[in-house]
Amino acid sequence: MSFRFHQAKPKLWTGPYGRIPGESTVFHVRTHPRKRVPWPLALLSQDSDLGFCWAVEGQEIHELARSVVKAKQFLGGGQGGEFLINEFGQVLVPSSKGDGKRVCAGRIEGCLRLTNPFDSGILDLSDDSNLKCGHPWRMPYVGCQYNLAAGSWIYTTLETKDGTTYPRVPRDAEYLVQSLRQIRPYGAARFIVNPCGLVLTKRQEGSQWRPVYVGRLRAGGWFETDGGCGLNLVTQKSRPGS
């Protein structure tokens, strides 16, 4: 599917915003060195180098960058910064002030294609055609965080006016639990789902934690969306076992 962006008036986001710490786990809008305008990018580590993976050029990409900037300004920020795109295509922009506020700036269809700074190729974040569970993931490790509890159920964290809740995946996700346990056999683990619905986690290799591919979300085995800037979540008040 070709990439499309559906702009929306910035709206406060009250759904999950699972974000793993670090600059390389989110998208960014920065000034493109050649275009001289705000442009989306992701960061990619290779050996000891860190490369900029700029989004492949297109009018829809330009509109995405402009909407992220507008969302930052709506929240009192400046001309760019970090943002996430969840697996439903919702573009989620956090405040730069650290006050916990976020807005939904629109929705994408398709998936971002990025330039590869190390070989001048193109990175397609939806391409898992040659990957099996446990294979190394060599593209940007960008996505929304979710958690696998020690008791082997999947949940996220949601801050509400009544306190913190821990929505669980409301439908059968055993397929995903089994795949995660192939890589992380014991205890609790966190993982991410990228904007194209691919599930990724990290596996310890010596003293390093390296990204690996887990699988792809299946219809009926995940949270649901209302099609706009919202999610339908089944919540629980008590904290799940860790």
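The values are calculated or read from the model by the stated rules, or taken from the named source; none is laboratory data. What you see is a predicted model; the values in this text were computed from it and never measured. The area values use the complete protein model at the heavy-atom level, side chains included, leaving out ligands, DNA and RNA. Shrake-Rupley method; radii C 1.70, N 1.55, O 1.52, S 1.80 Å.
General remarks:
- Carbon plus sulfur fraction of accessible area for the chain, probe 1.4 Å, in percent: 45 percent
- Residue of Leu176, Leu200, Leu131 that the Gaussian network model of the chain assigns the largest fluctuation, springs spanning Cα pairs under 10 Å: Leu131
- Annotated for the chain: lysine pairs at least 8 residues apart or interchain, Cα distance under 18 Å, count 15.
- Residue-normalised convex hull volume from the C-alpha trace of the chain: 134 Å³ per residue.
- Based on Cα contacts under 8 Å between residues 6+ apart, the chain shows a relative contact order of 21 percent.
- Candidates Ala189, Ala173, Ala219, ranked by Gaussian network fluctuation over the chain, Cα under 10 Å, top entry: Ala219
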